[in-house]
Amino acid sequence: MNTTPSTPGPSDDAVMITRVADSQWHALDDDLVVGRGHAQHRPDGRLFVSIDAWHDATFDRLAEAMLAELPAPLYTVVDEADIELTSGWRRAGFTTRRREWEYVVPTDPGVTGLEAVLPPSGVTILPAGEADEKMLREVDRAIRAEVEATVGWQSMPAEVVGRPGGDTIVDPSKYAVAAAPDRYLGLIRVVTAIRPRIGLLAVRAGEQRRGIARALLAHALRELRVSGFTGAWTEVHESNHAASALFQGVGARPMNSNLELVR
């Protein structure tokens, strides 16, 4: 256990910053926990940090202790509307790396206009859980390589991270795919653990502008509506104008924005 004494806290009592585990810190004021810090490696290898503190001064002391012991670069994600938290990380030297807009997407076809949308000729939508895992991973790798070669993978949702061998498939049962007779052309992932969330919607570069993305989205929203959901959530990088246009075109409403900060 590594303990670092700090200057007096907001109550003028001594606050102690204590590293209670490899990735956890506590701020103690007379044995009361008044702040917590946490560090975690994501699957892509980047180290993300978070702090929950009652006072700005406590936040700053936790940040100082954590930054002194953790290797750079460090990342964090904040709700842009949380001015206090964002300001705290900026005081610690973090700057904006990317911004994502969070949209709520209606499932009502009367609102989306997707009721009659079908895939183009020769393309079939396979529901989640029916895709061949090998072919699913093949289209995932192909799309990732195409994105990397153009706008870069940083334009994709932040939580769609690389895994060993360039694979980004976490749970194959969550993906519906657009299938041609010999290969898959696109995919959509929907997770409903807490609320329906569209985590990824992508089509091979050579197959875009054929309506495949709209057909995948229409399929996913129909399935959610049948399950009783009135809306789904998704995140779109601010530079991804095509994705923004697609979701806005079906009546999606921006709800808030998230910032990924880096130091």
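Computed quantities for the displayed model
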| read-out | value |
| --- | --- |
| Linear extension gain, E133 paired with F229, 0.36 nm per residue minus alpha-carbon span | 31.8 nm |
| By accessible area with a 1.4 Å probe, ligands and nucleic acids excluded, highest first: order of M135, M16 | M16, M135 |
| Extension gain from D31 to E80, taking 0.36 nm per residue of separation minus the Cα-Cα distance | 14.4 nm |
| Spacing of the two label points (7 Å from each Cα toward its C-beta) at H38 and R253, in nm | 3.0 |
| Within a Gaussian network of the chain (alpha carbon springs, distance under 10 Å), most fluctuating of A92, A14, A179 | A14 |
| Most positive-pole-ward Cα, V123, P106, L259, against dipole of the chain from beta carbon charges | V123 |
| Span-rule helices in the chain, defined as complete DSSP H runs reaching 18 Å or more along the axis (Cα) with Kyte mean at least 0.5 | 212-226 |
| Dipole axis of the chain (+1 Lys, Arg; -1 Asp, Glu on Cβ), positive-most option in G199, S23, A149 | A149 |
| Near-label residues of segment 16-36 by backbone N, under 16 Å of a point 7 Å along Cα→Cβ of H55 | 16-18, 27-36 |
| Read-out mean projected area of the Cα convex hull in nm², derived from the coordinates shown; its label in (1) 22.1; (2) 15.8; (3) 19.0 | (2) |
| Counting DSSP beta bridges with both ends in the chain, the antiparallel % (nearest 5) | 95 |
| Local net charge near R98, Cβ-Cβ under 10 Å (Lys/Arg +1, Asp/Glu -1) | -1 |
| With DNA, RNA and ligands ignored, accessible area of I143 (1.4 Å probe; Å², nearest 10) | 10 |
| Helix-only mean residue ellipticity at 222 nm for the chain, each DSSP H run of n ≥ 4 adding -39500 (n - 2.57), per residue, nearest 500 | -8000 deg cm²/dmol |
| Proximal charge balance of G231 [Cβ under 14 Å; K/R count +1, D/E count -1] | +2 |
| Fraction of alpha-carbon pairs over 20 Å apart in segment 11-149 - percent | 65 |
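The values are calculated or read from the model by the stated rules, or taken from the named source; none is laboratory data. Since we're looking at a predicted model, the values are computed, not measured. Please note: Cβ atoms are built from the backbone with ideal geometry, for glycine as well, and neighbour counts cover all protein chains shown. SASA here: full protein model, heavy atoms, side chains in, ligands and nucleic acids out. Shrake-Rupley method; radii C 1.70, N 1.55, O 1.52, S 1.80 Å.
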